Ligand code: SAH
Ligand code: MG
């Protein structure tokens, strides 16, 4: 599996696939173990790199991951098989905003790592699938250092995207159902913990 992961890193590098940073996946794998997380939902599989590492972080960890790009989905399936993890990982080929998950599917961790302008929509849609005390982690909240500096960005598209991430951060800070920590790990993540229902 180590060799396979190296090959995936190389593929990602050559094909501009934005896979998770080392520090971030190390943090997530530790969280999975510490909190005995069993069921994970990932939005944005790409080629399966973070999926495979999360699924292999502990026994009895199962991951459902959603990818809308066909080439990446196919690549992800191939990699999951090659690592012998097809019993632990379910790869769904669909736009996450259109997917219909069974209502009784509940997850201990939801990892949002897809279109960066859609974070609020993903959060609002999938929070219903989180167990009490579960976590929602969102990646790339620094967006390569642009976040917090949107006013100085010349490119209109990039500025709009970075503004969306800034809005998402405000949305999380104001959210009373979740307590959120912002960590300067990798490209920046948020760790939102659902408050227990009283
Ligand atoms: N989690 C991966 C990287 C994901 S990159 C890793 O760290 O290894 C982000 C991926 O999200 C891209 O492959 C993109 O195609 C996918 N994506 C973006 N918007 C999506 C959506 N609405 N539904 C499903 N996948 C989406
Ligand atoms: Mg990412």
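A few notes on this one:
Residue-by-condition table, conditions (1) in a strand (DSSP E or B); (2) buried (at least 16 other Cβ atoms within 10 Å of the Cβ); (3) touching a helix residue (DSSP H, G or I) at 6+ places or on another chain (Cβ under 6 Å):
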site: 95; (1), (2), (3): no, no, no
site: 104; (1), (2), (3): no, no, no
site: 134; (1), (2), (3): yes, yes, no
site: 146; (1), (2), (3): no, yes, yes
site: 157; (1), (2), (3): no, no, no
site: 167; (1), (2), (3): no, no, no
site: 181; (1), (2), (3): yes, no, no
site: 190; (1), (2), (3): yes, yes, yes
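- If you filter segment 106-126 down to residues that are near ligand 1 (Cβ under 8 Å from one of its atoms) and assigned to a helix (DSSP H, G or I), you find that the one that is nearest to residue 40 (Cα to Cα) is 122.
- Among the candidates 139, 58, 86, 113, residue that is exposed (fewer than 15 other Cβ atoms within 10 Å of the Cβ), under 23 Å from residue 30 (Cβ atoms) and in contact with a helix residue (DSSP H, G or I) (Cβ under 8 Å, 6 or more places away or on another chain): 58
- Selection count, segment 25-60, where residues are closer than 12 Å to residue 111 by Cα and near ligand 1 (Cβ under 8 Å from one of its atoms): 7
- Out of 42, 9, 67, 21, one residue alone is under 15 Å from the mean Cα position of the chain (by Cα), surrounded by fewer than 21 Cβ atoms within 10 Å (Cβ to Cβ) and within 16 Å of ligand 2 (Cβ to nearest atom). It is 21.
- Residue 30 being modelled with pLDDT of 95 or more, surrounded by fewer than 20 Cβ atoms within 10 Å (Cβ to Cβ), away from ligand 2 (no atom under 16 Å from the Cβ) and in a helix (DSSP H, G or I): yes
The values are calculated or read from the model by the stated rules, or taken from the named source; none is laboratory data. Keep in mind that what you see is a predicted model, and the values were worked out from it rather than measured. Heads up, the Cβs are rebuilt from the backbone with ideal geometry, glycines too, and the neighbour counts pull from every protein chain shown.
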